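Shown next, in structure tokens, is the structure this report addresses.
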Amino acid sequence: MTARASARSHAPEVTRRIGLSLGADLCWPIAYREILRRLDLRIPSTDGTSRFEVEDVTIEPFDLQKPGRYDLVIDRLTHWYFPTREWIKKSVVMDDLYVFNNPWSVQSMEKHTSYCAMMRLGLPVPRTWLIPPKSYEPSDDLAVTLRRYARLFDLSDVAHDLGYPLFMKPYDGGGWRGVSRIEDDEALRAAYDESGKVVMHLQQAVEGHDRFVRCVGLGPQTRAVLYDPAAPHHDRYTVERDFLETADARAIRDMTLTINAFFGWDFNSCEGLRSTGEWLLIDFANPCPDSQVTSLHYHFPWLIKANIRWSVFCAATRRKMRVNLDWRPFLDACEPDMTAEEKIRACGAIAETRFESDRFAEFCDEHLSHLDQVADDFFGSEAAREAVHAKVSALYPEHEIESFTSLFFDRIQAARREEPPGSVPLLAS
């Protein structure tokens, strides 16, 4: 035994605690926990040999000065559950917690801000207008404010400036909530009347597109999926493979990583349409993307492995949260005379650095090289089928549970056949 190996064998064990902040999630935590248990990791670090424990984060009153117990939290709640959001914010500030995703960014960066930011960088986004709400919550100052400052406008003039067809959708997003495709003035007036008190965007439709891609980013890992929004929910993530040319895959990856690094999102999804050879971003402020097997099916194993890699890397290396988002390097990298492609590549390079892509790849090669095989064994097991069954049982009527459990589990088996261990590059789309 070498002196170095001997020192490692006698290094004290330290526990890295990973907290899961969950809502209705069932399937992915089951898979995440079980694969991490089977990996049985012991990773050398500066303060000893790291071991990993996973716990559910509970909801309870908390003392602002009570020390935290987690090194990292995978958060699925703060976009809608405020007590957990405030606990996470306290823990980042006072306890150096690393969390997916930056809670201040999740709270403040709605789709409107993300559109503006990417337009500023010069990334391709369809033309978009913000329009005042149709109606308002009563308040003491509302009447005088509107009387003094609200300008009369003709909604159809805005629509004709953009051109039909167009989409009306809430400025802050919300899982397809309130999204309408508008073909003419009559449909525009009806959709606006129905929008009520919600501030809305009007956005140019991207006509004639030949690709609709949703790209999931988790740390520096990305996976581009051919997406069909008109299909039933369980078929929207298609199982098509090799549908992007190398240049397109590179552009989608760069844009996804740019958005995520810009806003401090470890885990987000980006939607883009390709029309006449150009990619246009249409929806990319999704910092708690769908993680359920009932949506992802074929792509579910990739998601679990990506989650394990990035969470273990961040916890083991004691990666620090980037609390201040620091947009200036991205803005400075985009010169006015650069093409959109050049701007995308320049921003993508900054994002790769922020996500420590090279260091991450080396870490995975040294400490997680067996993950693909361990995960493949799990996803072929009855335990994996039971995880699928648990989620299906929570969503589907009783008479459909067995058929949909089989459907999703069969798609996972197809992924195992078509993407065997070691066949998918770590940092490829």
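The values are calculated or read from the model by the stated rules, or taken from the named source; none is laboratory data. These numbers were taken from a predicted model, which means no experiment stands behind them. A quick note on method: Cβ atoms are made from the backbone with ideal geometry, for glycine too, and the neighbour counts reach across all protein chains shown. Each accessible area value is taken on the protein alone, full model and side chains, heavy atoms only, with ligands, DNA and RNA left out. Shrake-Rupley method; radii C 1.70, N 1.55, O 1.52, S 1.80 Å.
Report yes if Trp28 is open to solvent by 30 Å² or more (accessible area, probe 1.4 Å) and not basic (Lys, Arg), otherwise no. Reasoning before the result, please.
Numbers: open to solvent by 30 Å² or more (accessible area, probe 1.4 Å): no; not basic (Lys, Arg): yes.
Spelling it out, it is not the case that Trp28 is open to solvent by 30 Å² or more (accessible area, probe 1.4 Å) and not basic (Lys, Arg).
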Mind listing whichever residues of the stretch 299-323 are in contact with a helix residue (DSSP H, G or I) (Cβ under 6 Å, 6 or more places away or on another chain) and open to solvent by 30 Å² or more (accessible area, probe 1.4 Å)?
Lys305, Met321
Quick one: which helices (runs of 4 or more DSSP H) lie wholly within the stretch 98-190 and hold at least 1 residues that are crowded, with 16+ Cβ neighbours inside 10 Å, more than 28 Å from the chain's Cα centre (by Cα) and touching a residue at least 40 places away in the same chain (Cβ under 8 Å)?
155-162
When you check Arg38 against the structure, is it under 26 Å from Val392 (Cβ atoms), of a type in the set (Lys, Arg) and surrounded by 21 or more Cβ atoms within 10 Å (Cβ to Cβ), yes or no?
no
Quick check, is Asp332 open to solvent by 40 Å² or more (accessible area, probe 1.4 Å), part of a helix (DSSP H, G or I) and not hydrophobic (A, V, I, L, M, F, W, C)?
yes
How many residues, within the stretch 64-82, are surrounded by fewer than 18 Cβ atoms within 10 Å (Cβ to Cβ), assigned to a loop (DSSP other than H, G, I, E, B) and of a type in the set (A, V, I, L, M, F, W, C)?
2
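Might you check whether a residue that is in a helix (DSSP H, G or I), touching a Lys or Arg at 6+ places or on another chain (Cβ under 9 Å) and not charged (D, E, K, R) occurs anywhere in the stretch 263-284?
Looking through the stretch 263-284, none of the residues is in a helix (DSSP H, G or I), touching a Lys or Arg at 6+ places or on another chain (Cβ under 9 Å) and not charged (D, E, K, R).
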Filter the stretch 1-25 down to residues that are open to solvent by less than 40 Å² (accessible area, probe 1.4 Å) and charged (D, E, K, R) and give me whichever is modelled with the lowest pLDDT.
Asp25
Pick out the one residue from Leu281, Leu296 that is crowded, with 18+ Cβ neighbours inside 10 Å and under 30 Å from Trp129 (Cβ atoms).
Leu281
